[in-house]
Structure formats: structure tokens, C-alpha cells
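Colleague: Below you will find the structure I want to go over with you.
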Amino acid sequence: MPEYDHITSEEVQVLRSGLESLNISASEKSLAQAIQYLDLLEKWNGAINLTAIRQRDRMLTLHLMDSWSLVPFLKESDSLLDVGSGGGFPGIPVALIRPDLSITLMESNQKKVAFLRQAKIELKLSHLEVMGERVEQSTPTKLFNVITCRAFSDLPEFVRATRHLLQKGGTWIAMKGAIPYDEINRLPTEISTTITPIQIPGLKAERHLIHLRLTN
């Protein structure tokens, strides 16, 4: 898009390189929106503490790149629920890359909800919905192909609180650091588990996606 031809900043180059490492393509518009999103985070962060990460380079890695690592696993999905979204991770970064995907952010902290709704407006994310409520008390108006979280709870609680919102044949994907074997061992017996190690560009720490499905 012509209005984004001028984007040549160092941060955008870092994003381009990271996306290439993740085998993800993104438009110039998406890259510009990603930088705008970080600007919004910084602007709001002093007032409502959206993230403890203050350094821009770490925000690029730990918020954008980490969230984008989910994108390759959503190829067959048309709806995503991000539970306990907080400052919008991973839902908003995913929304910037996948404008065709219907994404819902669910967050109970009303100050954070205000930020998420403002981000939706400023980033012009018409395919994004923000719900300000507790997920376990949510009455579903629709069900989701994929339900994800990054820092919502342990796995058994994640499944228990969101089970009524998952489509038949759908998948939970929890974003974790080290493999949470204790949490996996406490899951209901009807839940199958697949563990995918992922490498986040610029991050040496362990990262894993925990895929959960109902077996009956």
C-alpha cells in the first residue's frame, strides 16, 4: 500500500527478519500496525501496567515474535479465542497477520479491556472482538476452532474454564516456556496432548506450544 512505502525503520527490519525465520509473510501495512501497537502499549503502560517489559527490543521479541509463533498453527482455523488477553497477547499480533481470521479477546480487567478496545479502533481491526468478562462465566454466542492463552492459568484450569467455548473437534493451544509436565499429568483423561517446541527469533529461552484435544 503506497502510504506504507516509507517504512524502513530498524524495528521494521527486525520484524521482517523474524517473520522470515517463522516462515510467515506480512504486508507493509501489518508491519506498520505492529509498530503502532507497540507505541500504544508504551503510551498506556504507565497508567495501567499492561506489561512489565519496558525495553522496545524485548517487546519486539517477547510480545510480537512470541505471539506470531502461533500463526503457522492456525492455517485451518477461522475463529480464535484469546483468553486472559491482558495487553492483547497473542491475539492482537495474530490479528495483524491474519485479517481473515475472526479473533475474540477475553479479559476481565476493565482497565485492560479499555486499552484493548482502543487498540482495536486505532489499528482498525474490524475482525477483532473484545469481551470484558470472566471466561468461565461467559455465555457463548459462538464456539471457536482454537482457544489459546499465554499467561491465563495452568492447563487443567485453562481446559475447565473454556471447555464450553470450544467447537467439536477444536483445539486448545497453550503458550508455555518449559514443558509443564506436572500440569499435563493433571489433565482429564479424555484430553490428548501434543507438544511442539518452537524457536522465537532473538530469544534463547525455551518455548513450547501445548496442543490439547478431546479424544471423545
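The values are calculated or read from the model by the stated rules, or taken from the named source; none is laboratory data. Everything quoted here is computed from the prediction, not taken from an experiment. So basically every Cβ, Gly included, is an ideal-geometry build from the backbone, and we count neighbours across all protein chains shown. Areas reflect the complete protein model, heavy atoms only, side chains present, ligands, DNA and RNA absent. Shrake-Rupley method; radii C 1.70, N 1.55, O 1.52, S 1.80 Å.
Colleague: Taking the Cα centre of the chain as origin, sum charge times position over the Cβ atoms of Lys and Arg (+1) and Asp and Glu (-1), and report the length of that vector in debye to the nearest 20.
Modeller: The dipole magnitude comes to about 380 debye.
Colleague: Ignoring ligands, DNA and RNA, what accessible area per residue does the chain give at 1.4 Å, in Å²?
Modeller: Heavy-atom accessible area per residue stands at 48 Å².
Colleague: Right, here's the next one. Using Cα positions and a limit of under 16 Å, work out the aspartates and glutamates in reach of Lys124, with same-chain residues fewer than 8 apart set aside.
Modeller: Glu3, Glu28, Asp39, Asp100
Colleague: Sticking with this structure for a sec: Roughly to the nearest percent, how much of the accessible area of the chain is carbon and sulfur, given a 1.4 Å probe?
Modeller: C and S fraction of accessible area: 50 percent.
Colleague: Something else now. Using the Cβ atoms and a cut-off under 15 Å, what net charge is assigned to the surroundings of Pro197, where Lys and Arg are +1 and Asp and Glu are -1?
Modeller: Residues near Pro197 contribute +1 overall.
Colleague: Report, to two decimal places, the Cα Rg of the stretch 1-122 normalised by 2.2 N^0.38 Å (N = number of residues).
Modeller: So the Cα radius of gyration is 1.01 times the expected 2.2 N^0.38 Å.
Colleague: Take the chain, mark every one of the GluC sites (Glu not before Pro) that falls in a DSSP loop and has at most 10 other Cβ within 10 Å, then report the longest stretch left between them, sites excluded.
Modeller: 77-189
Colleague: Lys and Arg at +1, Asp and Glu at -1: add these up for the other residues within a Cβ distance under 15 Å of Arg54 and post the number.
Modeller: Once all neighbours under 15 Å are counted, the net charge is 0.
Colleague: Can I ask one more? Taking the square root of 5 times each eigenvalue of the Cα gyration tensor, what semi-axes in Å does the equivalent ellipsoid of the stretch 109-184 have, largest first?
Modeller: Gyration-tensor ellipsoid for the stretch 109-184: 24, 16, 13 Å.
Colleague: Follow-up question, since we're still on this one. Which pairs, out of Lys112/Lys176; Lys29/Lys120; Lys29/Lys111, put more than 25 Å between their alpha-carbon atoms?
Modeller: Lys29/Lys111
Colleague: Calculate the radius of gyration of the Cα atoms of the chain to one decimal place, then report Dmax, the largest Cα-Cα distance, as a whole number, both in Å.
Modeller: Just the Cα atoms of the chain yield Rg and Dmax of 16.7, 54 Å.
Colleague: Would you mind estimating how fast the stretch 43-95 diffuses translationally, via Stokes-Einstein at 4 °C and 1.567 mPa s with the Kirkwood radius over Cα pairs, in µm²/s?
Modeller: D = 107 µm²/s.
Colleague: Using helices alone, what [θ] at 222 nm do you get for the chain, with -39,500 (n - 2.57) per DSSP H run of 4 or more residues, divided over all residues and rounded to the nearest 500?
Modeller: Counting only the DSSP helices, I get -9500 deg cm²/dmol.
Colleague: Return the FRET efficiency for the residue pair Ser126, Leu203: r is the Cβ-Cβ distance, R0 is 30 Å, and the value is rounded to the nearest 0.05.
Modeller: Between Ser126 and Leu203 the formula returns 0.45.
Colleague: Rg/Rh for the stretch 155-199: what does it come to with C-alpha atoms and Rh from Kirkwood?
Modeller: 0.94
Colleague: Place a +1 charge on the Cβ of each Lys and Arg in the stretch 156-216 and a -1 charge on the Cβ of each Asp and Glu, then give the dipole magnitude about the Cα centre in debye, rounded to the nearest 20.
Modeller: Computed charge dipole of the stretch 156-216: roughly 160 debye.
Colleague: Let me ask something else about it. Just add up the charged neighbours of Leu143: K/R +1, D/E -1, any other residue whose Cβ is under 12 Å from the Cβ of Leu143.
Modeller: Net charge in that neighbourhood comes out at +2.
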